[in-house]
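Worksheet: one structure, shown below.
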Amino acid sequence: MRPPILSRERLARILLVLDKNAGTLPIREITRTFSVRKWEIEAAAALGWVEIITRKPPIGRPSRLVLKVNNSQTAKLPPYRSEIEKPISIRHERFALFSTHAVPYGSRFLARHGLGLPCITDAYQRAFPSATNRRAAAASASRLKRRYDVRIARAWFYARFDGDISRDEPMPTTPRAIWQRLKQARSWRV
């Protein structure tokens, strides 16, 4: 799952909504009416662009308000959406794992006898169980094997098998982080 990171475009959306509504709105209304999530408002407050206050009326339940900060020179700008790196898909990670490790019940001769790796079609069909047509799975697997994030994940699993990286160390979520960790470990696969 992608970690929630506030982008500059979403911050601009929050500030635009607040500008159109006199600089203040209840959190409940901004989330329901304008499709802004609570974690985005809290991230904008942490950066210093908005302020969240609790208003307690004499009767009834308290409400939380979002106020636009007028003096925001010290506020930090979040990165653009295009600058936020996407993590590797769990299915792509599983395909990389299955294509680098021998499967005990593979359907090919070498994999069956423990003499080699399974073919990428078997690995693809294990990672994507809905792929039932073997020829379509072979075509998709060869395309998937050429993707950069899958290649770097395969390099991670091979480096773990070679002993360059500890088996207990969890794999980073983004391709750049994997590449940097492999470079730190001085793996020849980088």
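The values are calculated or read from the model by the stated rules, or taken from the named source; none is laboratory data. Since this is a predicted model, take the numbers as computed values, not measurements. Positions of Cβ are generated from backbone atoms using ideal geometry, with glycine treated the same way; all protein chains shown enter the neighbour counts. To get the accessible areas, we keep the full protein, side chains included, count just its heavy atoms, and leave off ligands, DNA and RNA. Shrake-Rupley method; radii C 1.70, N 1.55, O 1.52, S 1.80 Å.
Stretching Phe161 away from Gln73 to a fully extended chain increases their span by 26.7 nm, per 0.36 nm per residue minus the current alpha-carbon distance. The stretch between Glu51 and Ala136 holds 25.3 nm of extra length on full extension. This uses 0.36 nm per residue minus the Cα-Cα distance. Maximal additional length on extending the Asp19-Thr173 stretch stands at 51.8 nm, based on 0.36 nm per residue less the C-alpha distance. Once the Kirkwood radius over Cα pairs is known for the chain, the Stokes-Einstein relation at 4 °C and 1.567 mPa s delivers a diffusion coefficient of 64 µm²/s.
Inter-label distance, Phe34 to Val190: 4.4 nm, where each label sits 7 Å from its Cα along the C-beta direction.
Stokes-Einstein D for region 26-100 at 37 °C, 0.692 mPa s, Kirkwood Rh over Cα pairs, in µm²/s?
Here the translational diffusion coefficient equals 210 µm²/s.
Over all pairs of different C-alpha atoms in region 59-104, the reciprocal of the mean inverse distance, the Kirkwood hydrodynamic radius, equals 16.5 Å. Per-residue surface analysis assigns Leu97 an accessible area of about 60 Å², computed on protein heavy atoms at 1.4 Å probe radius. When only Cα pairs below 8 angstrom with a gap of at least 6 residues are kept, the chain shows a relative contact order of 16 percent. The charge dipole of the chain, taken about its Cα centre with unit charges on the Cβ atoms of Lys, Arg (+1), Asp and Glu (-1) only, comes to about 460 debye.
Taking the centroid of alpha carbons for each part, region 9-49 and region 66-92 are 13 Å apart.
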